[in-house]
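Single-structure report; data block below.
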Amino acid sequence: YGNQTSMSDAALVGLRDQMVGDARPRLLVLLGASGFLLLIGLANALNLMTARLATRRNELAVRVALGASPYQLLRQILVESALLVTIAAIAGLWLVALVVHLVVAAPASVLPRADEVTVDWSVLAFTVAIAVALTLALGAIAAWRSARQDVREALSANPRAMSAAGGTSLRRAVVVGQLSLTVVLLTGAALLGQSFLRLLEVNPGFATEHVAVVEASPTIDDKFQRLGYYNTLIDRVRQLPGVVAAGAATGVPIANSPPDGGYLLLDAPTDSLGFDAWLNFPQSRKGHADYVVVDGDYFAALGIPLLKGRLFESGDRFERSVGVVSARFAAQSWSNDDPIGKVVDFGNMDGDTRSFTVIGVVGDVHDDGLANAPPPTFYAFYPQRLRTYWPLSLVVRTSGDPSSVIASIRRIVHDVRPDVAVRARTIDRVLAGSVADRRFTLFIIVAFAGAALVLATLGVYGIVSYVVTQRTREIGVRVALGAQRRDILELIVGEGLRLGVAGIAIGVGASLLLTRLLRGLVFGVSTTDPAVFAAVALVLVAVAFIAAYLPGRRATRVDPMDVLRST
């Protein structure tokens, strides 16, 4: 039809995107978090190795003096490093098996094809490659530092001084890097957590308790037989003890999305509007909305409030087609007019070309999930639209726990038609499933952030303890000259806080860049929320303080006489 064709929307989706849905952003975030945690673990391993080398400098110098070659030193250090890394790799694979168990147990909507995730040869190969690379790197660093030291100076130096000499600047830099990566992970976890809480606070527009959704769709070609089937089900379910209201619809919010289509705003009812009239209709009087066909006490069962006019009544089946619209539909179509009595034509949505007369306005409902705005929705009455070929789902409201009546509903369905399969869920389970992907992502990121925080705490504790050992003589002299315990504690804690502040400063800058990747995963939260960054900074400062306070207290107990006698 050339330029006369009016298309409301269109989308071209790649096959891979259609298969994996929106899991790609979540997987990329998890991959990045895993990489950060790996770097933090490697940093701790590097700090551990440099600390062991510092304490063994005298021993290594003796070995060199007795004729040990650099190759022999390298071989010894590589064997020790390989043993340490192998133990860590085995423990890591055990943790991976636990995580894979959680992934496989996750709903299919969280991670597509999750049941195919296994610890296979590629995972083992990656683990071995990381272990070998880490062993070689640590061994090379150790051998290089051992080969560069002066043997005579190392043998003549005090062992305690030797154990505390060298490597401090490298360790400080490594700890600052650990803290920076931890800030990024904590910020991401905080943003996702705040987003999840905001999502749970959203009013879905329908009852979230005491409601069951039952899908029991028969294969019935005759429209009158289909009407009789659903009427029988609804009537028998209403008679169950504890049932307050029962209805049915072609689309239950979040559980199964309703079809949508274009509509026209008419001046008067019509039985059929030709295709040419649709094409030539003014664009200002066209719209797009979800189309839901309902029956029984659907609105009462879901607790959708009536805002204006009235709902469907049994006598409407013998009248002209009438419809109920959502508040957003009314605002979108008649912003300044009363929608009651207005005429809407939905074309051939359900095989019936008759237009509708609006009789009521109901509240908006989050049909497509809590994170999406409520769409404009139009409700038709099933007894008037018997050509509807979409299956209807039952919605049952109870006075107590809806799970208690699900078994009875199953029996009723099988009594009416034994060949019909039944799927029954409570509405709160439907809601929980709609946010399962966000909950899963949050759980993994929080676990990674927690592990990173523990590793960073150990890093700060290790470097401050190292500094205390390195400055033991200085601390003894300070105490001998009259320094108070508070002065010594401030000196040591200040070292940890300086590391913390440096790590926070770098981490905040990195977070401002990297958290932009979370924009598609957060709801109601800015990825640059200053409150989140301030909270993360306070947590890191507290961690740095505690990690430095413990070795600081040990430093205050230094006996100056013992220190001076040992020098």
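The values are calculated or read from the model by the stated rules, or taken from the named source; none is laboratory data. Everything quoted here is computed from the prediction, not taken from an experiment. Because the Cβ atoms are built from the backbone with ideal geometry, glycine has one as well, and the counts that use them run over all protein chains shown. Calculation scope for accessible area: heavy atoms of the full protein, side chains included, ligands and nucleic acids excluded. Shrake-Rupley method; radii C 1.70, N 1.55, O 1.52, S 1.80 Å.
Return the residue satisfying two criteria in turn: it lies in segment 346-360 and is among the aliphatic types (A, V, I, L, M) and over 18 Å from W278 (Cβ atoms), and of such residues it is surrounded by the most Cβ atoms within 10 Å (Cβ to Cβ). Step through it out loud before you land on a result.
Residues of segment 346-360 that are among the aliphatic types (A, V, I, L, M), as a first pass: 349, 358-359.
Within this subset, residues satisfying the condition of being over 18 Å from W278 (Cβ atoms) are 358-359.
Values: V358: 24, I359: 22.
The residue in question is V358.
Among the residues of segment 474-487, what is the count of those that are under 23 Å from A547 (Cα atoms), free of Cβ contacts under 8 Å to residues at least 60 places away in the same chain and open to solvent by less than 50 Å² (accessible area, probe 1.4 Å)?
Residues in segment 474-487 being under 23 Å from A547 (Cα atoms), free of Cβ contacts under 8 Å to residues at least 60 places away in the same chain and open to solvent by less than 50 Å² (accessible area, probe 1.4 Å): 1 in total.
Taking only segment 493-539 into account, find how many residues are in contact with a Leu (Cβ under 6 Å, 6 or more places away or on another chain), over 24 Å from E201 (Cα atoms) and of a type in the set (A, V, I, L, M, F, W, C).
Residues in segment 493-539 being in contact with a Leu (Cβ under 6 Å, 6 or more places away or on another chain), over 24 Å from E201 (Cα atoms) and of a type in the set (A, V, I, L, M, F, W, C): 1 in total.
Quick one: which residue in T426, T377, T441 is in contact with a helix residue (DSSP H, G or I) (Cβ under 7 Å, 6 or more places away or on another chain) and closer than 21 Å to V244 by Cα?
On the way: T377 fails: closer than 21 Å to V244 by Cα; T441 fails: closer than 21 Å to V244 by Cα.
Criteria check complete, one pass: T426.
This table checks each residue for (1) hydroxyl-bearing (S, T, Y); (2) under 18 Å from L453 (Cβ atoms); (3) exposed (fewer than 15 other Cβ atoms within 10 Å of the Cβ).
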{"site": "L489", "(1), (2), (3)": "no, no, no"}
{"site": "V493", "(1), (2), (3)": "no, no, no"}
{"site": "R498", "(1), (2), (3)": "no, no, yes"}
{"site": "F523", "(1), (2), (3)": "no, no, no"}
{"site": "S526", "(1), (2), (3)": "yes, no, yes"}
{"site": "A534", "(1), (2), (3)": "no, yes, yes"}
{"site": "A537", "(1), (2), (3)": "no, yes, no"}
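Residues being within 29 Å of the chain's Cα centre (by Cα), open to solvent by 50 Å² or more (accessible area, probe 1.4 Å) and not aliphatic (A, V, I, L, M): count how many of those fall in segment 370-400.
Residues that pass the stated criteria total 1.
Please find, among V293, V244, the residue that is open to solvent by less than 70 Å² (accessible area, probe 1.4 Å) and either assigned to a loop (DSSP other than H, G, I, E, B) or in contact (Cβ under 8 Å) with a residue 24 or more places away in the chain (or both). Before you say what the answer is, go through the steps one by one.
Working: V244 fails: open to solvent by less than 70 Å² (accessible area, probe 1.4 Å).
V293 is the lone residue from the list that is open to solvent by less than 70 Å² (accessible area, probe 1.4 Å) and either assigned to a loop (DSSP other than H, G, I, E, B) or in contact (Cβ under 8 Å) with a residue 24 or more places away in the chain (or both).
In segment 332-345, is there at least one residue being in a strand (DSSP E or B), of a type in the set (S, T, N, Q), open to solvent by less than 30 Å² (accessible area, probe 1.4 Å) and closer than 25 Å to I254 by Cα?
Here is the first cut: in segment 332-345, the ones in a strand (DSSP E or B) are 343-345.
If we keep only those that are of a type in the set (S, T, N, Q) too, we end up with none.
No; the residues of segment 332-345 include none that is in a strand (DSSP E or B), of a type in the set (S, T, N, Q), open to solvent by less than 30 Å² (accessible area, probe 1.4 Å) and closer than 25 Å to I254 by Cα.
Checking the structure you have, find out if any residue of segment 310-322 is aromatic (F, W, Y) and outside any loop (DSSP other than H, G, I, E, B).
Yes: one or more hits.
Among the residues of segment 401-414, write down those that are open to solvent by 90 Å² or more (accessible area, probe 1.4 Å) and either touching a residue at least 40 places away in the same chain (Cβ under 8 Å) or assigned to a loop (DSSP other than H, G, I, E, B) (or both).
To start, the set of residues in segment 401-414 that are open to solvent by 90 Å² or more (accessible area, probe 1.4 Å) comprises 401, 411.
D401 - this is the single residue of segment 401-414 that is open to solvent by 90 Å² or more (accessible area, probe 1.4 Å) and either touching a residue at least 40 places away in the same chain (Cβ under 8 Å) or assigned to a loop (DSSP other than H, G, I, E, B) (or both).
Inspect all residues belonging to segment 497-507 and state whether any of them is touching a Lys or Arg at 6+ places or on another chain (Cβ under 8 Å) and farther than 24 Å from R172 by Cα.
Going residue by residue through segment 497-507, those that are touching a Lys or Arg at 6+ places or on another chain (Cβ under 8 Å) are 499.
Filter again for farther than 24 Å from R172 by Cα, leaving none.
No, the conditions are met nowhere in segment 497-507.
Which members of segment 155-188 meet the condition of being modelled with pLDDT of 85 or more, open to solvent by less than 20 Å² (accessible area, probe 1.4 Å) and either of a type in the set (D, E) or touching a Gly at 6+ places or on another chain (Cβ under 8 Å) (or both)?
The answer is L179, S180, T182, V183, V184, T187.
Among the numbered conditions (1) in contact with a strand residue (DSSP E or B) (Cβ under 8 Å, 6 or more places away or on another chain); (2) open to solvent by 40 Å² or more (accessible area, probe 1.4 Å), tell me where V422 comes up short.
The number of the failed condition is (2).
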